[in-house]
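Data first, discussion second: the structure below is written as structure tokens.
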Amino acid sequence: MGIIGHARGEQRTVFAVSSHANAATLSDSLVTDFSQSQPSVVATSVDLTTEVRWFFHGPLPADVQTWFTRADTVGLVEDRWDSYRVDDVNDTGVKRRFGTTLELKLRMEPPEYFASAEGQIGQLELWQRWSPADDRVDLHENELWMNVNKTVVKRRFDAAGDELPLSEATRAMGGQGCDAEIVALSVDNKPAWGFAFAAFGHHEDHHQLLQAAWGTLLGHEPVPPQLRLGIAGSYGYPEWLSRMANAKREAAIAG
């Protein structure tokens, strides 16, 4: 098991990682026809991120929101809805941001186990994103798509773990840093929520950036008990969507 790094200013292990694989799930969902979309003339941006995510059932707990936003004093809020194509793989994500801009995310390596000194466990995933991605994605009629409503609260940290100012003008991932976010989700009026880190910039610096953000956000204040960070709930959006769609299909069969 390889060691990623040490906590800022301390000689203690924060992260440990080891490789493992995911199983794919085939599901059904909403049917939307995006096959007639026109190619975009906007220049494509390409982002490489290392992410760790956790998903939870039910509404976003007020205690988690208060903790993350320091009682609504920090964090940039964005309300939006995205439409995701539901495929039978966990390493490919296709979505339309706000139902319009087509984006593609590919997992570039097998996921790794992630463990903190405090016992939190998740999986790290290296993703590459193209936006827009009209020239990289083949769309067909009668594909399965799922509409997801989101309220995202985001904070950004530098390599030293210091918080960076974040605004609408600086939301895009420029330079290097690590974003932390909480998100309230809704699919077919069923609530869920998530917690995530996403490091960006030079790939070789991603682990250090994750470590610094983690240490600042989780290393100094008590974590709400609802924020149970275990491996069972840790995966990317493609797998979460497959699980949601599969649960919807099973409920339809049972009902």
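The values are calculated or read from the model by the stated rules, or taken from the named source; none is laboratory data. Being a predicted model, the structure only gives us computed values, none of them experimental. All Cβ positions, glycine included, derive from the backbone under ideal geometry; neighbour counts span all protein chains shown. With ligands, DNA and RNA removed, areas are computed over all heavy atoms of the protein, side chains included. Shrake-Rupley method; radii C 1.70, N 1.55, O 1.52, S 1.80 Å.
Candidates are the residues of the stretch 116-141 that are more than 27 Å from residue 74 (Cβ to Cβ) and aliphatic (A, V, I, L, M); the one that is most open to solvent (accessible area, probe 1.4 Å) is 139. Could you tell me whether residue 194 is within 16 Å of residue 114 (Cβ to Cβ), at pLDDT below 95 and not polar (S, T, N, Q)? No, not satisfied. Residue check: residue 144 meets all listed conditions (1) over 17 Å from residue 77 (Cβ atoms); (2) open to solvent by less than 30 Å² (accessible area, probe 1.4 Å) but one, namely (2).
Considering (1) over 14 Å from the mean Cα position of the chain (by Cα); (2) closer than 20 Å to residue 212 by Cβ, the lone condition that residue 48 does not fulfil carries the number (1). Restricting to the stretch 41-90, and then to whatever is within 19 Å of residue 128 (Cα to Cα) and small (Gly, Ala, Ser), can you tell me which residue is least open to solvent (accessible area, probe 1.4 Å)? Once the filter is applied, the top-ranked residue is 83. Screening 243, 156 for residues that are open to solvent by less than 30 Å² (accessible area, probe 1.4 Å) and of a type outside the set (Val, Ile, Thr) leaves exactly one candidate, 156. When the stretch 198-219 is filtered for residues that are out of contact with any Gly (no Cβ under 7 Å at 6 or more places or on another chain) and either closer than 26 Å to residue 90 by Cα or part of a helix (DSSP H, G or I) (or both), the ones remaining, listed by number, are 198, 199, 202, 203, 204, 205, 206, 210, 214, 217, 218. Taken over the stretch 165-190, the criterion of being out of contact with any Gly (no Cβ under 6 Å at 6 or more places or on another chain), assigned to a strand (DSSP E or B) and not acidic (Asp, Glu) is satisfied by 177, 178, 180, 182, 184, 185, 186, 187, 190. Taking the stretch 91-111 as the range and being β-branched (Val, Ile, Thr), part of a strand (DSSP E or B) and open to solvent by 20 Å² or more (accessible area, probe 1.4 Å) as the test, the residues that pass are 92, 101.
Got at least one residue in the stretch 220-240 being under 25 Å from residue 44 (Cβ atoms), polar (S, T, N, Q), open to solvent by 30 Å² or more (accessible area, probe 1.4 Å) and not in a strand (DSSP E or B)?
So far as the stretch 220-240 goes, no, none of its residues is under 25 Å from residue 44 (Cβ atoms), polar (S, T, N, Q), open to solvent by 30 Å² or more (accessible area, probe 1.4 Å) and not in a strand (DSSP E or B).
Condition check for residue 114 on (1) of a type outside the set (S, T, N, Q); (2) assigned to a strand (DSSP E or B); (3) without any contact (Cβ under 8 Å) to a residue 40 or more places away in the chain: one failure, at (3).
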